[in-house]
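Shown next, in structure tokens, is the structure this report addresses.
The values are calculated or read from the model by the stated rules, or taken from the named source; none is laboratory data. All values derive from a computational prediction rather than experimental measurement. Quick reminder, even Gly has a Cβ in these numbers, built from the backbone with ideal geometry, and neighbours come from all protein chains shown.
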Amino acid sequence: MDAEVTLTVDGTAHRLTVDTRTTLLDALRERLGNTSPKKGCDHGQCGACTVLLDGKRALSCLALAVAHDGAEIITADGLAADGELHPVQQAFLDRDAFQCGYCTPGQICSAVGVLDEVRRGWPSHAGPDLTADPELSHDEVAERMSGNLCRCGAYVNIVPAVQQAGGGQA
Amino acid sequence: MKPFAYARPADVAEAVRDVAAEPTAVFLGGGTNLVDHLKLGIVRPDLVVDVRTLTSRSIDDLQDGGLRVGAAVTNSELAADRRVRERYPVLAQALLAGATGQLRNLATTGGNPLQRTRCVYFQDASTACNKREPGTGCSAVGGYTRYHAVLGVPAALPDPTAPETCIATHPSDMAVALAALDAQVQVLGPAGARTVPFVDLHRLPGEDPSRDTVLEHGELITAIDLPPLPAGARSAYRKVRDRASYAFALVSVAAVASGNGDVRLALGGVAHKPWRATRAEGVLRGGPLTEDTVRAAMAAELAAAQPQPGVDSGNGFKIPLVTRTVVATLRDLEA
């Protein structure tokens, strides 16, 4: 069964007709040609499909497109402004934070979300105190990024990249 | 995935009527569990009714000093709320111990307690499962039982062919905290609104393992109320899992110490429902909290436990593990 939705992706509004079963991930990749979010597990376990959905990082494989009519979506493809890399993207280059690159767009979108959550003072399981301002320690970054798997095992460089992008020591 | 119609009605009353009128209809909240189950063929609705934008997304102060959490409040927003962090740390900790940032940003207050078990057989549509397909039997008995129940099950090896057999556990961390907090669930159904004590929301398999909760078809959680805790009360959540992050609980403990010797305890990962440890609470009531008294209380709670044999030595390890976890949680609370 079909439904009409409007999705604003990386600043451009698209009107499209989707089968109600279509996930945001499939709408982005198969209908709009944005292959930046990746299909890893397609079950919400790997994080490769992470995008920013109405400003918050979310798994596009577990979101139905029809349920997010009118949503603003930012993918890793749309993070760079005027040809200048987003600080998280630059940090991933500087820190050699990927090998094959398949998980990288999801890692980067997730990291952008993490840094925003930290700025808002959102706590995490790794924090010593629920009410203290979070700091981007190794353990904090590892916990907050735990929803993004990297089969190459580039974590050892991903953590410093996120710390660098967050303006901390790394 | 089977085709389905999608509806986003004007309000929750209409949503309830829509679901009640269609036997296979389901409510859609954040979708983190439901969309996965649609893909796996575990649920095959003809109609999906989206309530994510219909229920409240605010956390309001109640006159009694508690909080009313709207069903659409995300797990992230609830864990970050300053009042929750300061007054109900057990709840914030439980939420933050569950899933990941990307999932918590989607998952909702109403949906989290209604998520289904992560029993690997339930999630594999090729196996027999009384919860997924009533009457087909239970593939978990004698199988991979590491994440399965030890409390609320009738025997160490229940009859795997019996239609009532189910040794699944409830996977939610948040629900364990809500059980310890004596939360109240606001429900709207075809027959009107009602309030269900959180500890009575989930059920044991009984004669029908397919039913996780006491909610009738068409009933919708609209909010969850957190009663105020006594002045000076302290609370904490402790979770033990196979890796440091992004894993379901082997066992977990939500504890609320009121400061006058009374302790509320709820256990996760050990039963078909968040397990309020009322026997242990009774043993501890009014007495000193020492390692010996807590161990004795847990021995009473676990007297009826039925460790399940299975591959990888089964799940008997949960008996000492949950005991030690309660001891450690209460020790930290008293420190």
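Assorted remarks:
- Subset of region B:192-246 (residues that are more than 20 Å from residue B:173 (Cα to Cα) and not in a loop (DSSP other than H, G, I, E, B)): B:192, B:193, B:194, B:195, B:220
- Residue B:79 vs. criteria within 12 Å of another protein chain (Cβ to nearest Cβ), surrounded by 24 or more Cβ atoms within 10 Å (Cβ to Cβ) and closer than 27 Å to residue A:51 by Cβ: yes
- Among the residues making up region A:33-51, those that are in contact with a helix residue (DSSP H, G or I) (Cβ under 6 Å, 6 or more places away or on another chain), within 10 Å of another protein chain (Cβ to nearest Cβ) and either of a type outside the set (Gly, Ala, Ser) or under 18 Å from residue B:1 (Cβ atoms) (or both) are A:42, A:43, A:44, A:49, A:50, A:51.
- For region B:10-43, filtering for residues that are assigned to a loop (DSSP other than H, G, I, E, B), at negative phi, under 23 Å from the mean Cα position of the chain (by Cα) and not hydroxyl-bearing (Ser, Thr, Tyr) leaves 6.
- Scanning region A:109-131 for residues that are in a loop (DSSP other than H, G, I, E, B) and either more than 10 Å from every other protein chain (Cβ to nearest Cβ) or under 13 Å from the mean Cα position of the chain (by Cα) (or both) yields a single hit, A:128.
- Residue in region B:103-115 that is surrounded by 24 or more Cβ atoms within 10 Å (Cβ to Cβ), closer than 17 Å to residue B:172 by Cα, without any contact (Cβ under 8 Å) to a residue 40 or more places away in the chain and within 12 Å of chain A (Cβ to nearest Cβ) present: yes
Residues checked against (1) crowded, with 19+ Cβ neighbours inside 10 Å; (2) away from every other protein chain (no Cβ under 12 Å); (3) closer than 24 Å to residue B:133 by Cα:
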| site | (1), (2), (3) |
| --- | --- |
| B:11 | no, yes, no |
| B:34 | yes, no, yes |
| B:40 | no, no, yes |
| B:44 | no, no, yes |
| B:49 | yes, no, yes |
| B:52 | yes, no, no |
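- When we screen A:24, A:7 for residues that are in contact with a Pro (Cβ under 9 Å, 6 or more places away or on another chain) and either crowded, with 17+ Cβ neighbours inside 10 Å or more than 11 Å from residue A:64 (Cα to Cα) (or both), the only hit is A:24.
- Filter result for residue A:71 (under 30 Å from residue A:19 (Cα atoms), at the interface with another protein chain (Cβ under 9 Å from one of its Cβ atoms) and more than 12 Å from the chain's Cα centre (by Cα)): no
- Breaking point among (1) surrounded by fewer than 22 Cβ atoms within 10 Å (Cβ to Cβ); (2) within 12 Å of another protein chain (Cβ to nearest Cβ); (3) out of contact with any Gly (no Cβ under 6 Å at 6 or more places or on another chain), for residue B:61: (2)
- Checked across region A:89-101, the condition of being more than 13 Å from chain B (Cβ to nearest Cβ) and under 20 Å from residue A:25 (Cα atoms) holds for at least one residue.
- The single condition among (1) surrounded by fewer than 19 Cβ atoms within 10 Å (Cβ to Cβ); (2) at pLDDT 95 or above; (3) assigned to a loop (DSSP other than H, G, I, E, B); (4) within 14 Å of another protein chain (Cβ to nearest Cβ) that residue A:139 does not satisfy is (3).
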